[in-house]
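The block underneath contains the structure these notes are about, expressed in structure tokens.
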Amino acid sequence: MNHGAHDGRVEVISGVMFSGKSEELLRRLRRALIARKRVQVFKSRLDDRYAGASRLSSHDGSGIDARPITSSRDLRRLVNPETDVVGIDEVQFLDDGIVQVVEWLADRRVRVIVAGTDMDFRGRPFGAMGALMARAEVVDKLHAICVRCGEPATRNQRLIGGEPAPPEAPTVHVGGNETYEARCRRCHEVPEPGRHQTELDIEGEAAAWAERARYW
Ligand SMILES: [Zn+2]
């Protein structure tokens with residue numbers, strides 16, 4: 001595929017938590033800066049308690065400042081007309097409107113690089129990640145290492161009090177006593193729901209949407 005200097009395009013860096021997505025995003029943005037491109041960097045924020053400056057950081061402590069956004073509308077409003085490259089971290093937390101905004105930017109010859117977790121803790125597509133991956137010119141899926149068996153990890157294991165989280169738990173849970181591990185398909189655990197499945201699906205989705213609405 002020939003990506004000329006003035007071609008707008010969408011690049012998705014997807015993968016499990018702890019797979020180095022943000023570092024890969026940072027690497028591409030640094031190279032764009034070296035090439036004297038005009039770069040804007042955004043990071044979705046879940047919670048207004050963490051308002052203020054945000055930063056994409058790598059393990060060596062270096063980084064690039066990122067502007068926090070809570071919605072696709074924020075992004076559309078904040079991108080400057082002369083920007084060449086837009087980077088967005090944690091894109092899975094943004095609303096579905098992000099797909100349209102990303103396509104709009106790429107059509108205007110902006111190179112859009114988004115990084116996000118592609119699956120939620122249940123192993124289902126997270127937010128708009130599936131739609132973004134389908135429309136992107138370039139998709140890279142990064143793996144972590146499964147903490148159980150050492151194989152490449154593709155799943156996010158959510159643990160609540162050390163136990164695998166039930167599927168009816170909200171997709172996004174801020175401020176809880178939960179932890180996450182990277183695991184492979186075989187070691188990933190989502191327990192059977194304790195009640196009638198259909199009832200739980202409906203309740204779980206409603207709870208997830210209510211949770212999302214709180215932050216978006
Ligand atoms: Zn494993």
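Please treat every number below as a calculation from the coordinates, not as lab data. Values in this document were obtained by computation on a predicted structure and should not be read as measured data. Note that we place each Cβ from the backbone using ideal geometry, even for glycine, and neighbour counts take in every protein chain shown.
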FRET E, pair VAL138, LEU159, Förster distance 30 Å, beta-carbon r, rounded to 0.05
0.35
Stretch ASP7-ARG186 to full length: gain in nm at 0.36 nm per residue minus the Cα-Cα span?
60.4 nm
Can you list the HN-Hα couplings for the range 88-93, worked out from phi with the Karplus curve (6.51, -1.76, 1.60; θ = phi - 60°), rounded to whole Hz and with x for Gly and Pro?
10, 9, 6, 5, 5, 7
Rounded, prolate or oblate for the range 9-143? Axes are the square roots of the Cα gyration tensor eigenvalues, ordered a ≥ b ≥ c, and the cut-off for rounded is a/c under 1.5.
rounded
Per-residue ³J(HN,Hα) for the range 125-142, Karplus 6.51 cos²θ - 1.76 cosθ + 1.60, θ = phi - 60°, Hz, x for Gly and Pro
x, 9, x, 8, 4, x, 5, 5, 5, 5, 8, 5, 6, 10, 10, 10, 10, 9
